Structures are given as C-alpha cells and as structure tokens.
Amino acid sequence: MRLTTPLLPVDVSPVVVATAYGGPEVLTVIDETAAEPGPGQARIDVRASGVNPIDYKAYSGSMGSDPARLPMRPGFEAAGVVTAVGPDAVGPAGPVEVGDEVIAYRVTGGYAAQLVAPVQALTPKPPSLGWPEASGLMLAGATAWHALAATNVGSGDTVLVHGASGGVGLMAVQLARSRGATVIGTASPARHDLLRDFGVIPVAYGTGLADQVRAAAPGPFDVALDLVGSDEAVDVSIELVADRNRIATIAAARRGLELGIKALGGGPGADPGTELRNAARPQLARLAGEGALLVLVSQTFPLAAAAAAHRAIMDGHTLGKIALIP
Ligand SMILES: NC(=O)c1ccc[n+]([C@@H]2O[C@H](COP(=O)([O-])OP(=O)(O)OC[C@H]3O[C@@H](n4cnc5c(N)ncnc54)[C@H](OP(=O)(O)O)[C@@H]3O)[C@@H](O)[C@H]2O)c1
C-alpha cells in the first residue's frame, strides 16, 4: 500500500510564538487556521514582517515574566495583501477591500503568514515600496518622527544622533535632514561611508566621543537623540546640548527621567506619543513612496528562522532593518 502525506488544509498557515520566557530558543513555529476577520478587522496575507529589538525584549523576561502572557505572539508590524474583511472595515485611509496592499502597524502577532488585524492599524502600501521595506517602515519611522517632534528639530539646527546606522537611527537622520538640520551621527567606522551617503557627518562612538563630535562639527549643538541607551550616549548629550528639553532618549527612560531629558516610548513614566506616532503613519508612507525616505533592509530571514533573526538583532549592530519572509 502506498502511504501518502495528508495535505494541510489551505487555510492553515505558520505563526511564530514564544512558548516561555528566555532567549530565541523559546520561539516555535506552529500551524494555525487563519481566523475570519470580525467587525473592523481585515485578514492579511503577509509578505514580510518587520523585526525590532522590542520583539525579543518582550519575551526575554527583562520586561516582566507573567505566565499569563504566554504563549506570546511577537511582531508589531507587517506588510501584505488583504484577503478578507469583516463588517465596518473602514480604516484611517477609507474602506479596506480585498486585494489592497497594506502596511499593518501597530499589531500583535505580526510574525505570521496570515494575520487578522484591526483596520485602524492599516496604511495603504505605496506601490513603489518593496514588501520587506514596507514591513520595516512604521515602528522605526514613527519613533524617529516622535523624537524629532519632541525636540522640535527644525531648519538650521545641529543634531547629534547616537546610533545613526540602526533601524530608528537611519530614519531619524533622514527625517532630520529633510527638516533642514545638520546631522552628526555616531556609528562604528564601518558604517561611516554609508552615513556620508545619507548626508550625515559620521563620528565613531567610544572613548572621547564628546571631543570627536566637537572636532567633526563646529557646534553649537542644538539637539541630541539617544537611540542607543548607553551611559555614554546620555552623558555626551548632556555635555554638548545646553537645553535638556531638546535631548531625547528612546532607550534609557529611567536615566532620562532622572536627568530631566525627554524619555520617549512605552516604558514607565515615558511619553508614548501615541497620537503623534499614529499621525506620522500616512506621512511616512508618503515619503517612502516618493523615495524621500529610504528603508534600508540589510538582512531577511524566512519566517521559520525567526530565532536566527533575533540572534542577529540581539547582537546590537544591525544596519537598518531586518525582515522575515513567510
Ligand atoms: N522608546 C521607543 O519607542 C523605542 C522604539 C524603537 C526602538 N526602541 C529602542 O531603541 C533602541 C534602538 O532601536 P533600533 O531598532 O534602532 O535598534 P537596532 O537597529 O538594533 O540598532 C542597532 C544600531 O545601534 C548601534 N550601536 C550599537 N552600540 C552602539 C553604541 N555604543 N553607540 C552608538 N551606536 C551603537 C549600531 O551601530 P554599529 O553597527 O555601527 O555598532 C547599530 O547601527 C533599542 O534599544 C530599541 O529597543 C525604543
């Protein structure tokens, strides 16, 4: 008798879940039947999912380890094609229809081949933007947008960006330049030529950073954005920028609050900037669609290799963005 492998039903598709708190080894791929979208929801055939440091931090235990939150579904952003809509599927850009190419942010469980998301989280994908790029635009872009708005970056400002070659960093330097600012960006020397291509004056982080920055640009320094969270980035920002209202951190909230600089994001006491970040979404899509904002995706991994993608981003030296492809 010939044995045959039973075929999976077509509506069963892979989803990445964290089954425990720990390192990337706790990530597992399960097969799940895609749900039907409810009121105000759409189902998306995901073409790429954006990878962010928060994705591994969430299940690492460093942000709490409540067992009730398991299994956890990582992935705050994805891009794909709408395959079904529930009743009242009207998003911020109008009615959502089957066949629409969309960017989904902010969502839960973006590491999946099929995703049911609130239509409020959907932004039309600009046709010129590739899937991996679309999946990496919103979280980093909205964070950078918030940081520039919170520090009121404008024409003629000189802005120091710590971590300029990372996901948020490359967004921040481009958006600051488009506001007419001069940008000095810290990165390891291997990234300096790339930063120059973005119109940034590069400086290597490490010992003597404040002097290196002074040597690279005349100053005065109007704004500093800490996109790294190191003591060095915070201390040098305080040393070089006189007005603490014009220094922001997205990764050292506790120190930021102690020092009276702007702490941005979801941490305790930080400014989440929810409205501002939501309002940034169509602007980010427009700029990316026009080619005025580049999303640099340096690495892609198959969805099933999410753990490898997390090991890569945990290294702390990602250039631009990482995307998962179902
Ligand atoms: N608060 C919020 O709302 C919010 C939102 C998004 C992200 N975040 C947090 O912000 C941080 C950055 O996020 P991301 O997505 O941009 O991460 P990322 O892409 O992983 O950032 C990696 C970048 O950091 C640079 N870097 C590493 N060590 C550095 C140092 N000591 N000094 C200067 N640069 C250094 C690396 O440069 P080299 O490769 O040249 O070393 C690399 O370009 C993460 O901690 C993330 O969790 C917070």
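For the reader, a short list of remarks on this structure follows.
- All helices (runs of 4 or more DSSP H) inside segment 173-269 with 3 or more residues being in contact with a Cys (Cβ under 8 Å, 6 or more places away or on another chain) and away from the ligand (no atom under 12 Å from the Cβ): none
- Figure legend. Inter-residue proximity from segment 284-300: first residues over 14 Å from VAL51 (Cβ atoms), second residues part of a strand (DSSP E or B), beta-carbon distance below 7 Å, spacing 6+ or different chains. Indicated pairs: ALA285/ILE103; ALA285/THR123; ALA285/PRO124.
- Those residues of segment 145-172 which are in a helix (DSSP H, G or I), without any contact (Cβ under 8 Å) to a residue 60 or more places away in the chain and in contact with a Gly (Cβ under 8 Å, 6 or more places away or on another chain), in sequence order: GLY169
- Close pairs from segment 304-326: first away from the ligand (no atom under 11 Å from the Cβ) and at pLDDT 95 or above, partner part of a helix (DSSP H, G or I) and among the β-branched types (Val, Ile, Thr), Cβ under 9 Å, at least 6 apart: ALA307/VAL26
- Residue within segment 111-134 that is in contact with a Gly (Cβ under 7 Å, 6 or more places away or on another chain) and within 15 Å of the ligand (Cβ to nearest atom) present: no
- Of the residues making up segment 274-326, those that are hydroxyl-bearing (Ser, Thr, Tyr) and in a helix (DSSP H, G or I) number 1.
- Test: residue in segment 101-109 that is of a type in the set (Asp, Glu), assigned to a loop (DSSP other than H, G, I, E, B), surrounded by fewer than 22 Cβ atoms within 10 Å (Cβ to Cβ) and more than 16 Å from the ligand (Cβ to nearest atom): no
- Residue selected from segment 150-169 under the condition aliphatic (A, V, I, L, M) and within 8 Å of the ligand (Cβ to nearest atom), by the criterion surrounded by the fewest Cβ atoms within 10 Å (Cβ to Cβ): VAL168
- Members of segment 42-94 found to be closer than 22 Å to THR28 by Cβ and assigned to a loop (DSSP other than H, G, I, E, B), listed by number: ASN52, GLY61, MET63, SER65, ASP66, LEU70, PRO71, ARG73, PRO74, GLY75, PHE76, GLU77
The values are calculated or read from the model by the stated rules, or taken from the named source; none is laboratory data. Note that the structure is predicted; figures quoted are calculated from it, not measured. Counting neighbours? That spans all protein chains shown, and the Cβs are built from the backbone with ideal geometry, glycine included.
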